[in-house]
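What follows is a single structure, written as structure tokens, with notes after it.
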Amino acid sequence: MAKSEQTIFYSIEESIKSYRQFAQKQINDQGFDITIDQGLILSIINENPGIPQKEIARRAFKDVASVTRIIELLVKSGFLKRDSFEKDRRRFTLHLTAKGKKILTEIQPIVDANRKKAVEGISEEEIELLRKLVNKISANCRS
């Protein structure tokens, strides 16, 4: 049996963790007060108006409770606005504020540069092969 450190899953997890640490450092170094997860949640909401919180959680690979906490922070920070439905005050929609849209625009070049740096020296063919292989692993785990 292979040691934990020798499995493909360990390597995948390590690369994700390394990327997240690298990406967060780049954002922090540019003076932005937003986390990778907060930026992701803002992007998901911006690209999918009216998206339910459960779907935000699924797309962000987070549990609903974590997404709720992140949304609360984003509302308190002025990046998001919560609007209640007139007929059902328990339900609400989330909208980016001008401040939320501004920070997404400002961090996008950093995000793009981070992604480019992370795949430096890897060909398009290798990236596509990796994507296919990781998708196969995911499909195997769902079936």
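Coordinate-derived values only; no laboratory data. Since we're looking at a predicted model, the values are computed, not measured. With ideal geometry, Cβ positions are generated from the backbone for all residues, glycine too; neighbour counts draw on all protein chains shown.
When segment 34-50 is filtered for residues that are touching a residue at least 40 places away in the same chain (Cβ under 8 Å) and either on the phi < 0 side of the Ramachandran plot or among the hydroxyl-bearing types (Ser, Thr, Tyr) (or both), the ones remaining, listed by number, are 34, 38, 39, 42, 43, 45, 46, 49.
Inside segment 35-58, can you point out the residues that are under 12 Å from the mean Cα position of the chain (by Cα), β-branched (Val, Ile, Thr) and more than 24 Å from residue 134 (Cα to Cα)? Before the answer, list the steps.
First, the residues of segment 35-58 that are under 12 Å from the mean Cα position of the chain (by Cα): 35-45, 56-58.
Checking the rest, the ones that are also β-branched (Val, Ile, Thr) come to 35-36, 41, 44-45, 56.
Residues satisfying the conditions are 35, 45.
For segment 24-58, a residue qualifies if it is crowded, with 18+ Cβ neighbours inside 10 Å and over 24 Å from residue 110 (Cβ atoms), and exactly one does: 57.
Check whether at least one residue in segment 102-116 is more than 21 Å from residue 19 (Cα to Cα), in contact (Cβ under 8 Å) with a residue 24 or more places away in the chain and not aromatic (Phe, Trp, Tyr), and report yes or no. Scanning segment 102-116, I find no residue that is more than 21 Å from residue 19 (Cα to Cα), in contact (Cβ under 8 Å) with a residue 24 or more places away in the chain and not aromatic (Phe, Trp, Tyr), so the answer is no. For beta carbons closer than 9 Å, sequence separation of 6+ or different chains, a first residue in segment 122-143 that is over 13 Å from residue 8 (Cα atoms) and a second that is in a helix (DSSP H, G or I), the qualifying pairs are 122/130. Of the residues making up segment 59-70, just one is under 12 Å from the mean Cα position of the chain (by Cα) and exposed (fewer than 13 other Cβ atoms within 10 Å of the Cβ), namely 61. Per this entry, residue 130 is counted among residues that are part of a helix (DSSP H, G or I) and of a type outside the set (D, E, K, R). Set side by side, the residues 92, 79 differ, and just one is surrounded by 15 or more Cβ atoms within 10 Å (Cβ to Cβ), touching a Lys or Arg at 6+ places or on another chain (Cβ under 7 Å), aromatic (Phe, Trp, Tyr) and more than 26 Å from residue 134 (Cα to Cα), which is 79.
Close contacts from segment 9-30, counting a first residue that is without any contact (Cβ under 8 Å) to a residue 60 or more places away in the chain and hydroxyl-bearing (Ser, Thr, Tyr) and a second that is part of a helix (DSSP H, G or I) and surrounded by fewer than 12 Cβ atoms within 10 Å (Cβ to Cβ), with Cβ to Cβ under 8 Å and a gap of 6+ residues or different chains, come to 10/4.
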